[in-house]
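S.K.: What follows is a single structure, and I will ask about it in a moment.
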Amino acid sequence: GVFLLDDSGQWAVLRAGHGEAGKAMLTEKHKLKINGKSMVASAILSGEARIVLDVDEKTVHFQNPYLPLIRSEMALPLTVKEDVLGALTIQSEQPQAFSDNDIVALQALANQVAVAIRNAQLMQDLEKASQELLRSKTYEAIATTTGEAIHWVGNKAAPIAGSANRVREDLLNLLAVVQAWGDIPLRKRENHPFGRLMRQTWAIASSQGLDLPSKAATLSDFTEDRLSLMVNLESILEDLNIIQQSSSTILNIKEDLIGPMRQQNSTAVELPALLRETVAEMGLPAGVVQADYDNSLPPVTGDTRQIDRVFTNLIKNAWEAQEGQPNPQIHIQVARAEEPGFARVQIHDNGPGIPPDILEKIWVSFFTTKGDQGGTGLGLSACMSIIQQSGGKIWAESLPGEGATFIVLLPFIDEKNIE
Ligand SMILES: Nc1ncnc2c1ncn2[C@@H]1O[C@H](COP(=O)(O)OP(=O)(O)OP(=O)(O)O)[C@@H](O)[C@H]1O
Ligand SMILES: [Mg+2]
């Protein structure tokens, strides 16, 4: 039979077997612990042939229920250079079945078998690597095309928020003018600056195809209800808010999707300062964030804008997880990591936590449990790519009922590399 070491190096697994016994053992996935007690283990550990010419005389044997009649057996290591891949075993029902010559010939055979096995393994590795390359190339091509499309959409959306803001302001100004205009006595209106403004406005409206004076004339017939439907400041402002939020969602999606693909401009990043800024920028209610920052840490290396994006996404998630909860809390900690050379940022919330069955899936693009609240499921996948590109690590921990904790490790800047 042929035994090969498994990936853990703890077991020799039967991979080929001869005869009835061999087949039966293969179906049972027969394996032997590498602890030196079996002949196979001892051949693998020592890298030397183990031979017993009368099984009953020795304690080192197969003790195999499938092979009760075996009297001679041999375990030959399968070695390529220094590497032991496993062992080849040969059994006989005859005592003293192998001569010295047999042993030499069989070991030569075993060496050839080992080379063949190693080649097959290398072939498998090569195939896997080429598949991975293909996958990543395909991904790259898709990413570039979608990246460009998203960039384009994002750029179109960028001015929307600003425009909505200006419309809101202009509208409120116009209302103020209308109010003031109403307060001006009729005889003073002709030469009043407001009067000129009104006439200008009407002229612009009419050039746009809107006949304001005629429209105004019809309004006198309107009931109060109809008027309040027509001029409803609340609903106008609400619409403006919707426009603004939609555009900020589009910009967020754009940033999550193409941010990580952007050229990373690595500089020294002071984590406590960056986090203070990120938190302030998010405008969370007072008392929600508790900061525990080690200000004596050396800077880490990374792209400030991208790292800020990571923390914004994580804090946003922590906040969203506690929506409707009475006392939302986000605990942010910056400290030295146990891993030498890394800073550790920990963001903990008091939300419902993350169920174990989705703890891995949350990192996948478009995985979201907030579909109905407009979540896109891109936040964490963006965090993952950014942190990986920065040479750091990110993961989540969550125990039922104890909220969720996201941990980010970032490498301290290598002082030697600063110019
Ligand atoms: N702090 C947290 N507590 C509980 N669940 C979380 C937390 N952070 C993330 N999750 C889970 O992981 C999922 C994916 O998070 P991710 O940030 O990628 O997307 P999202 O928040 O749903 O949408 P987006 O960030 O694009 O608005 C969330 O929908 C949620 O189920
Ligand atoms: Mg999110």
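The values are calculated or read from the model by the stated rules, or taken from the named source; none is laboratory data. Since the model is a prediction, treat every value here as computed from it, not as a measurement. Because the Cβ atoms are built from the backbone with ideal geometry, glycine has one as well, and the counts that use them run over all protein chains shown. Side chains included, ligands, DNA and RNA excluded: accessible areas come from the protein's heavy atoms. Shrake-Rupley method; radii C 1.70, N 1.55, O 1.52, S 1.80 Å.
S.K.: Check I413: other-chain or 5+ apart residues with amide H under 5 Å from its amide H, H built from backbone geometry?
M.R.: Distant-sequence amide H within range of I413: V300, T301.
S.K.: In terms of the Cα gyration tensor, with a ≥ b ≥ c the square roots of its eigenvalues, is segment 143-295 rounded because a/c is under 1.5, prolate because a/b exceeds b/c, or oblate?
M.R.: Verdict is prolate for segment 143-295.
S.K.: Assuming R0 = 30 Å, can you tell me the calculated FRET efficiency for the pair Q96 and K128, based on Cβ-Cβ distance, to the nearest 0.05?
M.R.: For Q96 and K128, the calculated efficiency is 0.05.
S.K.: Continuing with this model, one more query. Which FRET efficiency, nearest 0.05, do D221 and N191 yield, Cβ-Cβ r, R0 30 Å?
M.R.: FRET efficiency, D221 to N191: 0.45.
S.K.: Along the Cα→Cβ direction, 7 angstrom out, place labels at Q389 and D83. What is the inter-label distance in nm?
M.R.: 3.5
S.K.: So, for segment 148-257, what is the accessible surface per residue at a probe of 1.4 Å, expressed in square angstrom?
M.R.: For segment 148-257, the per-residue accessible area is 73 Å².
S.K.: If you don't mind, there's one more thing I want to ask. Per-residue HN-Hα couplings for segment 225-238, Karplus 6.51 cos²θ - 1.76 cosθ + 1.60 at θ = phi - 60°, whole Hz, x for Gly and Pro?
M.R.: So the Karplus estimates, Gly and Pro as x, are 4, 5, 5, 6, 6, 6, 10, 10, 4, 4, 6, 5, 5, 4 Hz.
S.K.: What accessible area per residue comes out for segment 264-417, rounded to a whole number of Å², with a 1.4 Å probe?
M.R.: Counting only protein heavy atoms, the per-residue value for segment 264-417 is 51 Å².
S.K.: Quick one: if the Förster radius is 30 Å, what FRET efficiency do E20 and K361 give, using the C-beta to C-beta distance and rounding to 0.05?
M.R.: 0.05
S.K.: At a 1.4 Å probe radius, carbon and sulfur cover how many percent of the accessible area of segment 264-417?
M.R.: Roughly 51 percent of what the probe reaches on segment 264-417 is carbon or sulfur.
S.K.: What list of ³J(HN,Hα) couplings, whole Hz, do you get for segment 183-190 from phi and the Karplus terms 6.51, -1.76, 1.60, once you set θ to phi - 60° and write x for glycine and proline?
M.R.: Result, ordered by residue: 7, 7, x, 3, 5, 8, 5, 3 Hz.
S.K.: State, as an integer percentage, the relative contact order of segment 310-368 based on alpha-carbon contacts under 8 Å between residues 6 or more apart.
M.R.: 30
S.K.: For S163 and S235, compute 0.36 nm times the residue count separating them, minus their Cα-Cα distance, and round to one decimal in nm.
M.R.: Value of the extension gain: 24.2 nm.
S.K.: Given H placed 1.01 Å from N in the peptide plane, which residues other than close sequence neighbours of V289 have an amide H under 5 Å from its amide H?
M.R.: Excluding prolines and chain starts, which carry no amide H, the hits are I330.
S.K.: Quick one: 3J(HN,Hα) in Hz for segment 358-372, Karplus 6.51/-1.76/1.60 with θ = phi - 60°, rounded, Gly and Pro as x.
M.R.: Ordered by residue, 3J(HN,Hα) equals 10, 4, 7, 5, 4, 7, 7, 4, 6, 7, 8, 10, 10, x, 6 Hz.
S.K.: Another question about this same structure. Around N232, with a cut-off of 14 angstrom between Cβ atoms, what is the net charge of the other residues, counting Lys and Arg +1 and Asp and Glu -1?
M.R.: Once positives and negatives cancel, what remains is -4.
S.K.: Further question: Using Cα pairs under 8 angstrom and six or more residues apart, how large is the relative contact order of the chain, in percent?
M.R.: 9 percent.
S.K.: Put a dot 7 Å past each Cα toward the Cβ at A286 and E320; how far apart are the dots in nm?
M.R.: Once both label points are built, they end up 2.8 nm from each other.
S.K.: Counting only helical runs of four or more DSSP H residues, what would the 222 nm mean residue ellipticity of the chain come to if each run contributes -39,500 (n - 2.57) and the total is spread over all its residues?
M.R.: -16500 deg cm²/dmol
S.K.: Would you mind telling me the share, in percent, of accessible area of segment 177-253 contributed by carbon and sulfur at probe 1.4 angstrom?
M.R.: Within segment 177-253, the accessible surface is 58 percent carbon and sulfur.
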